[in-house]
Amino acid sequence: MNRTYIRIKYAADFLVALIAVIVLSPLMAGVAIAIKAEDGGSVIFSQRRTGAGGKKFNCYKFRSMKSTDVHFDKTQPVIGDRNANLTKVGRFIRKFKIDELPQLFNVLKGDMCLIAPRPLLPVYDTDYEDWELVKFEMRPGMTGLGQVCGNGYLQIKERKYYDVYYVMHVSLWLDFKILVKTVGVVLLGEERFLRPVSEQESRKLRREVKRNYTVQPDTVAQLRPSVLR
């Protein structure tokens, strides 16, 4: 894990996010008006997610669903484009990932960065194996390696693999590749970039983590509180 690069990355991401908020403010204002005009409901949807160090934060999105009080199945967490609960505006903004733009404010607050593992709901916290807790050694991102390697078409364990792989191999070059592929995903869809993870790859990464890295005690305390009692 390149901690020096991560510190530089956080500072650069703040500046990029600030510029993006200014440049994209007309688009975000237009989306907000469209959401409000369609059904009069709230514009922003806020949801608790697990971030760096296992700490919880409010992750922002443009509201894309008619109701947010729906049954959640963590084995099938991705909402399909044809889901009946999606609004007309919501279907459009999800297709082009516009619903994620309010997370620029999460970046400005220091909850997130631009490229890193995506934050998941706290309901997943107890599902991580010990070596997978490496994911929480840095801030989550608006887009990440798992999102450009299949995202909703991947199994949960494959998405976790990509999360850990990213944190262990974070670099400017890797970020650049993810950024380019993110544009491709928006234009062509996630399925075109699907790359499943083999069991051999998973075992290799597990050995690398156990050999070269120890998760910080504060992170373990947040995600494994019962272990420290």
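A Förster radius of 45 Å, combined with the Cβ-Cβ distance separating Ala37 from Arg7, puts the computed FRET efficiency at roughly 0.60.
Using the average count of surrounding beta-carbon atoms within 10 Å as a protection proxy, the listed peptides 138-149, 99-110 rank, highest first, as 138-149, 99-110.
Which order do Asp127, Asp218 take by accessible area at a 1.4 Å probe, largest first?
The ranking, largest first, comes out as Asp218, Asp127.
Percent of C-alpha pairs per 5 Å bin in the stretch 102-190, short distances first: 3, 14, 25, 26, 21, 9, 2, 0.
Packing here is the average count of other Cβ atoms within 10 Å per residue, and on that basis the peptides 21-33, 111-123, highest first, run 111-123, 21-33. Full extension of the chain between Thr126 and Trp173 gives 13.7 nm of extra length, using 0.36 nm per residue less the Cα-Cα distance.
Once neighbouring chains are kept in place and the probe is 1.4 Å, which whole percent of the accessible area of the chain is contributed by carbon and sulfur? Don't jump to the answer; show the numbers that get you there.
Working: 7290 of 12450 Å².
Percent of accessible area from carbon and sulfur atoms in the chain: 59.
Close amide H pairs (under 5 Å, H built 1.01 Å from N) link Lys56 with Gly51, residues at least 5 positions away or on another chain.
So how much slack lies between Lys95 and Gln216, counting 0.36 nm per residue of separation and subtracting their Cα-Cα distance, in nm? It would help to have the intermediate numbers written out before the result.
On the way: separation 121, 0.36 × 121 = 43.56 nm, distance 3.71 nm.
Full extension of this stretch gives 39.8 nm more.
Ranked by the mean number of other Cβ atoms within 10 Å of their residues, highest first, the peptides 207-213, 157-163 come out as 157-163, 207-213.
List the DSSP H helices in the chain whose Cα atoms stretch 18 Å or more along the helix axis and whose mean Kyte-Doolittle hydropathy is at least 1.0. TM-like helix candidates: 3-39, 172-188. With 0.36 nm allotted per residue and the present C-alpha distance subtracted, the Val186-Tyr153 stretch has 10.4 nm of extension available. Only residues of the stretch 148-162 count here: report those whose backbone N is under 12 Å from the spot 7 Å along Cα→Cβ of Glu208, or say none. From the stretch 148-162, the list is 161-162.
What does the charge add up to near Phe62, with Lys and Arg as +1, Asp and Glu as -1, over the other residues with Cβ less than 11 Å from its Cβ? Net local charge, Phe62 excluded: +3.
Close amide H contacts of Ile44 (hydrogens built in the peptide plane, cut-off under 5 Å, sequence separation of 5 or more or a different chain): Arg63.
The values are calculated or read from the model by the stated rules, or taken from the named source; none is laboratory data. On a predicted model such as this, the values are computed, not experimentally measured, just so you know. FYI the Cβ positions are ideal-geometry reconstructions off the backbone, even for glycines, and counts take in every protein chain you see. Areas reflect the complete protein model, heavy atoms only, side chains present, ligands, DNA and RNA absent. Shrake-Rupley method; radii C 1.70, N 1.55, O 1.52, S 1.80 Å.
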